[in-house]
Amino acid sequence: MTRIHPPAQAIVHKHLEAALAEDGFEQDITSRATIPPGGDRDGGRFELRTREAGTFAGAAILNAVAERFPDKLTVACTIDDGETFPRGRLLATLAGDARTILGLERTLLNFLQRLCGVATLTARYVAAVGNTGVRIFDTRKTIPGWRALDKYAVRCGGGWNHRMGLHDAVLIKDNHLAGAGPGALARMIAEARARLAEGGHTPAFVEVEVDDLVQFREVLGADGVDVILLDNFSLEQMREAAAIRDAAGLRGRIELEVSGGVTLEAVPAIATTGIDRIAVGALTHSAPAIDIGLDRIP
């Protein structure tokens, strides 16, 4: 399992407040009309249960809810981030003011269903690579404004986070190298590294995307490259790239990453080609929500 550290609570609380405001939490006229004020402050008990199997992500959300309403409700979480669950698993019990809990219901479920969906899909990809040592990475294809939460859910599913944004690592793609003729890639990469140094930037890593084996050989010989991204390579090309890298004695110094058209069905074969990491945009842009319900109990 990869490191499951939650997002900063300030970020989680910011998301929670925005979602509550969007849903009109303070103007829940249905709950006001059906529940007398204070009439159920101590007697409202609700259970969060799964309606399908999956992998859990969302302890940070449950903690934020408890911190947001300390005088209104209590939250007892019964599962840890990263834990797999069957259908019908109790995730948490909420007790306290029924008006507050019912006003929270949809917002809380939206968070948990989305996060568990990302974690569950990630876990399936992680399982698909087996014991090959290949790591599954996310991308920046996240819901706008939700990146910290989406990447948290990926960690809960056993995946790894790629760069958080444009600020922390360098990924030189084809559009950055547009117009570079044969033999010019190494020089352009060297110039880019020089500009980084001049600007006082120390990126977490420098990654360069290549479209074919000709570009791959050139980038492999460039200084200052940590990861080479093999974009839309065939399985045969992946194997050849890994063999070239290994023959040059660069395994462990330069990692090979695969992206482009990666499906769950394709991952097992990709993981046997000698590459190190697979970047999967689908983890966050196509994860289906996990069905979770909040039901009142006697």
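Every number here is computed from the coordinates shown, using simple stated rules; none is lab data. Quick caveat, the model's predicted, so the values are computed rather than measured. A quick note on method: Cβ atoms are made from the backbone with ideal geometry, for glycine too, and the neighbour counts reach across all protein chains shown.
Under a Cβ-only charge scheme (Lys and Arg +1, Asp and Glu -1), can you give me the dipole magnitude of the chain about the Cα centre, in debye to the nearest 20?
400 debye
Length gain on complete extension for the stretch K14 to D246, per 0.36 nm per residue less the alpha carbon to alpha carbon distance?
Extra length from K14 to D246 when fully extended: 78.9 nm.
So what are the ³J(HN,Hα) numbers for the stretch 160-170, from phi and the Karplus equation (6.51, -1.76, 1.60; θ = phi - 60°), rounded to whole Hz, Gly and Pro as x?
10, 8, 6, 4, 6, x, 6, 8, 10, 8, 10
Quick one: grab Rg to one decimal and Dmax as a whole number for the stretch 129-285, Cα atoms only, in Å.
15.6, 44
Count neighbours as other Cβ atoms within 10 Å of each site's Cβ, and list the trypsin sites (Lys or Arg not before Pro) in the stretch 246-298 that are DSSP loop with at most 14 such neighbours.
R251, R253
With everything on Cα atoms, drop me the angle between helix 59-68 and the longest principal axis of the chain, reported from 0 to 90° to the nearest 10.
Compared with the principal axis, the helix lies near 40 degrees.
Return the sequence-ordered ³J(HN,Hα) values of the stretch 129-144 in whole Hz as given by the Karplus equation 6.51 cos²θ - 1.76 cosθ + 1.60 applied to θ = phi - 60°, using x for Gly and Pro.
Calculated HN-Hα couplings, in order: 7, x, 9, 6, x, 6, 9, 9, 10, 8, 9, 8, 7, 10, 5, x Hz.
Between helix 235-247 and the chain, what is the angle of the helix's C-alpha long axis to the longest principal axis, kept within 0 to 90° and rounded to the nearest 10?
The angle comes out at about 60 degrees.
Stokes-Einstein diffusion coefficient for the stretch 31-166 at 37 °C in a medium of 0.692 mPa s, Rh from the Kirkwood formula over Cα pairs: what value in µm²/s?
Estimated diffusion coefficient is 203 µm²/s.
With runs of 4+ DSSP H residues as the only contributors, calculate the mean residue ellipticity of the chain at 222 nm using -39,500 (n - 2.57) per run, divided by the residue total and rounded to the nearest 500.
Rounded to the nearest 500, it is -11500 deg cm²/dmol.
Quick one: order H162, H13, H201 by neighbouring beta-carbon count within 10 Å, fewest to most.
Going from least to most buried by this count: H201, H13, H162.
Cut-off is 10 Å between beta-carbons; in what order do L166, L115, L20 appear when sorted fewest neighbours first?
L166, L20, L115
Once all Cα-Cα distances of the chain are split into 5 Å bins that start at 0, what whole-number percent is in each one?
Per 5 Å bin, starting at 0, the Cα pair percentages come out as 1, 5, 11, 13, 14, 13, 10, 8, 7, 6, 5, 3, 2, 1, 0, 0.
In terms of modelled amide H atoms, which long-range or inter-chain residues lie less than 5 Å from the amide H of I292?
R51
According to the square roots a ≥ b ≥ c of the eigenvalues of the Cα gyration tensor, what is the shape class of the stretch 74-113, taking rounded for a/c under 1.5, prolate for a/b larger than b/c otherwise, and oblate for the remainder?
Prolate.
Which pairs in the list K14/K72; K141/K173; K72/K151 are over 25 Å apart, alpha-carbon to alpha-carbon?
Where the Cα-Cα span goes over 25 Å, the pairs concerned are K72/K151.
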